[in-house]
1. Are there helices (runs of 4 or more DSSP H) fully within region 92-191 with at least 1 residues that are in contact (Cβ under 8 Å) with a residue 60 or more places away in the chain and within 25 Å of residue 215 (Cα to Cα)? List them.
2. In region 186-232, how many residues are closer than 21 Å to residue 164 by Cα, over 19 Å from the mean Cα position of the chain (by Cα) and modelled with pLDDT of 75 or more?
3. Can you confirm whether residue 85 is surrounded by 17 or more Cβ atoms within 10 Å (Cβ to Cβ), touching a residue at least 24 places away in the same chain (Cβ under 8 Å), under 21 Å from residue 131 (Cα atoms) and in contact with a strand residue (DSSP E or B) (Cβ under 9 Å, 6 or more places away or on another chain)?
4. Residues of region 142-166 being more than 18 Å from residue 54 (Cα to Cα) and either surrounded by 20 or more Cβ atoms within 10 Å (Cβ to Cβ) or in contact with a strand residue (DSSP E or B) (Cβ under 7 Å, 6 or more places away or on another chain) (or both), which ones?
5. With the structure loaded, tell me whether residue 133 is modelled with pLDDT of 95 or more and closer than 24 Å to residue 169 by Cα or whether it fails that test.
6. Anything in region 16-47 that is crowded, with 18+ Cβ neighbours inside 10 Å, modelled with pLDDT of 95 or more and not in a helix (DSSP H, G or I)? List them, or say none.
7. Hey, can you tell me all the residues within region 66-82 that are touching a residue at least 24 places away in the same chain (Cβ under 8 Å) and assigned to a strand (DSSP E or B)?
């Protein structure tokens, strides 16, 4: 966690993997990481991602005039040291002590997308480092977790909103739908792409992660400006990169599969030619 407490501005040299990867590849890594987080939360495990923790906590929703229903809702709690160091503000929610906790499983995240494990780990670490750099520079940030929700930082205030289908899937009490329909406090945690509280109130450029871009709210037609560190050209010329992304075992299996397909196509062609000869 201490590695995300930045005293000095973040230099591009600290992001060598992000420089080599394409934006699509970075988003693919984080989509797989989000899938892993979602899966763990559905099993009621907390997930520590380096700058904070996702967890499921019990809550109560008011429906009707006096009726109170128990629900289960997700939360994101920034690390205490991170909050203190960057002077962040966020709602305090206690994660139950008995909640089992896990960290990101880079091996599993990489296997889902057939990427090398070290590439996935470096990509996630450097994206979080980029996030920390934005906090240090007092930038407004919007960090999307596919299938989960949006982590927003606005004027040092941290908020996490969640997709409604995720909230419904996560809740085991069966009361979340009624809570979302009738409790305004529950509706406040729902993320609407492009219409969450962060996007509505921000007037300046917003850094969007994991795309590493800056966008201007309220100007849908304005193109996003990429903040991704540029890859230096190879010494021999051209734009070839120096890292291999895909897992070598997966590549070998794909080559074997392709060779088999070509062999079968050759056998079918020979059989067809022999039939014509007969």
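1. So the answer is 117-136.
2. Of the residues in region 186-232, 3 are closer than 21 Å to residue 164 by Cα, over 19 Å from the mean Cα position of the chain (by Cα) and modelled with pLDDT of 75 or more.
3. Considered against the rule, which asks whether it is surrounded by 17 or more Cβ atoms within 10 Å (Cβ to Cβ), touching a residue at least 24 places away in the same chain (Cβ under 8 Å), under 21 Å from residue 131 (Cα atoms) and in contact with a strand residue (DSSP E or B) (Cβ under 9 Å, 6 or more places away or on another chain), residue 85 comes out as no.
4. Selection gives 154, 156.
5. No: the conditions fail for residue 133.
6. Once the filter is applied, which keeps residues that are crowded, with 18+ Cβ neighbours inside 10 Å, modelled with pLDDT of 95 or more and not in a helix (DSSP H, G or I), region 16-47 yields 46, 47.
7. Passing the criteria: 69, 70, 71, 72, 73, 74, 75, 76, 77, 78.
The values are calculated or read from the model by the stated rules, or taken from the named source; none is laboratory data. This is a predicted model, so every value here is computed, not measured. Methodologically, a virtual Cβ is constructed for each residue, glycine included, from the backbone with ideal geometry; neighbour enumeration extends over all protein chains shown.
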